[in-house]
């Protein structure tokens, strides 16, 4: 998955959330809803009381919604911190449960900018160095400095190996997140690393016309816009 995919998914999440909220307003009373449907709504709207009630009624804390989002990922996506905490209090909950795209709750909280939830998930055993795209990639792509720092403090690898070799520094450079780049570089990120297309963080900055990011990496923006393919693909 690349940053463009992240952005497309974020727009889809917002549209989906609005649609589900409308559907909830038009649906039958919650008392007549299936337990899982009630749980899904509770996770979306941070309804701790309902989450506890549905867990007590036997709802699987690792269940997924119709779109394939595990309850914990859904809660992280919606920044329903209290509901996620309640879910984590159930020993059956798998903190590493992923959606169809391989995204877990920590990744979702990282890109959503939810530092409080990031810390909670780490405290509850979430792995900061998962295989493939990592929470640090997600935080760096969004320029979430506080979360980048939190992940690094939790021993996240600063240059983790993604499926195509793209590093968090490259993702930060693509978005022009200079302060994030500085933080990563201070923690040992290698600016000359190349992904599978042979591109460095500077190439990302130049490709996306991020002048300050390019300057930080010792590069410059050419007068003619660069038409190279998206280096995250």
*residue 121 versus (1) surrounded by fewer than 18 Cβ atoms within 10 Å (Cβ to Cβ); (2) touching a residue at least 12 places away in the same chain (Cβ under 8 Å); (3) within 25 Å of residue 81 (Cβ to Cβ): which is the lone unmet condition?*
(1)
*Given the conditions (1) closer than 16 Å to residue 135 by Cβ; (2) touching a helix residue (DSSP H, G or I) at 6+ places or on another chain (Cβ under 8 Å), report the number of the one that residue 102 does not fulfil.*
(2)
*Do any helices (runs of 4 or more DSSP H) lying entirely in the stretch 35-79 carry at least 3 residues that are farther than 21 Å from residue 111 by Cα and in contact with a helix residue (DSSP H, G or I) (Cβ under 8 Å, 6 or more places away or on another chain), and which ones are they?*
35-44, 48-56
*Name the single residue, out of those in the stretch 162-188 being touching a helix residue (DSSP H, G or I) at 6+ places or on another chain (Cβ under 9 Å) and assigned to a loop (DSSP other than H, G, I, E, B), that is modelled with the lowest pLDDT.*
162
_Pick from the stretch 162-176, criterion crowded, with 24+ Cβ neighbours inside 10 Å and without any contact (Cβ under 8 Å) to a residue 40 or more places away in the chain, ranking: farthest from residue 102 (Cα to Cα)_ = 169
*Identify all residues within the stretch 86-95 that are surrounded by 15 or more Cβ atoms within 10 Å (Cβ to Cβ) and free of Cβ contacts under 8 Å to residues at least 40 places away in the same chain; write none if there are none.*
86, 88, 90, 93, 95
*For the stretch 83-144, which fully contained helices (runs of 4 or more DSSP H) count at least 1 residues that are within 10 Å of the chain's Cα centre (by Cα) and not assigned by TED's automatic domain parsing to the domain that holds residue 52?*
135-142
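The values are calculated or read from the model by the stated rules, or taken from the named source; none is laboratory data. As the structure is a computational prediction, the values presented were derived from the model and not from experiment. Cβ atoms come from the backbone with ideal geometry, glycine included; neighbour counts cover every protein chain shown.
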